[in-house]
1. Can you run phi through the Karplus equation (6.51, -1.76, 1.60; θ = phi - 60°) for the range 59-72 and list ³J(HN,Hα) in whole Hz, with x for Gly and Pro?
2. What FRET efficiency do you get for Cys87 and Arg66 if R0 is 30 Å and r is their Cβ-Cβ distance, rounded to the nearest 0.05?
3. Listing Phe43, Phe85 from the residue with the fewest other Cβ atoms within 10 Å to the one with the most, what is the order?
4. Using each residue's phi in the range 41-46, evaluate 6.51 cos²θ - 1.76 cosθ + 1.60 at θ = phi - 60° and report the 3J(HN,Hα) Karplus result to the nearest Hz, with x for Gly and Pro.
5. Cα-based Rg of the range 8-101 per 2.2 N^0.38 Å, rounded to two decimals?
6. Would you mind ranking Ile67, Ile15, Ile58 so that the residue whose beta carbon has the fewest other beta carbons within 10 Å leads the list?
7. Given R₀ = 22 Å, what would the calculated FRET efficiency be for Val44 paired with Thr8, taking r from the Cβ atoms and rounding to 0.05?
Amino acid sequence: MKKNKLSTKQMIAWISVNYGVFLLAFFTLGLMDTHRMAVIANFVLDVALCGVSLILNIALFSPRHRISMAGKIGLLFVTLCFAAFTCFAFLMPENGIPPVLFQ
């Protein structure tokens, strides 16, 4: 079975798309009336996007991809910041959203 390997440009494009969808989904949630199912769906979407971005970032660290180490670390740092933001926004008890998630 032949593996479909993504090129460096395709991986960076997918990571960028994930970042855009993450921001769009989170700010859309802030603009609309927050129903419990919308918040849960947004949380699941954000976690999935962070997971996919993290997997793509880890794959970028292979020697096959010719991108500077600063670029690799920068993309990984942004992904980890989005993951930390998701944890902070949805799972920390001080923020007001968790009562909606865990009612």
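Throughout, read-outs are computed from the coordinates displayed, never taken from laboratory work. This is a predicted model, so every value here is computed, not measured. Here the Cβ positions follow ideal geometry from the backbone for every residue, glycine too, while neighbour counts run over all protein chains shown.
1. For the range 59-72, the Karplus-derived couplings read 5, 5, 6, 5, x, 5, 8, 9, 9, 5, 4, 5, x, 4 Hz, x marking Gly and Pro.
2. Taking R0 as 30 Å, the efficiency between Cys87 and Arg66 is 0.40.
3. In increasing order of surrounding Cβ atoms, one gets Phe85, Phe43.
4. Here the 3J(HN,Hα) series is 4, 5, 4, 5, 4, 5 Hz.
5. Compared with the compact-globule rule of thumb, the range 8-101 sits at 1.20.
6. In increasing order of surrounding Cβ atoms, one gets Ile58, Ile67, Ile15.
7. It comes out at approximately 0.15.
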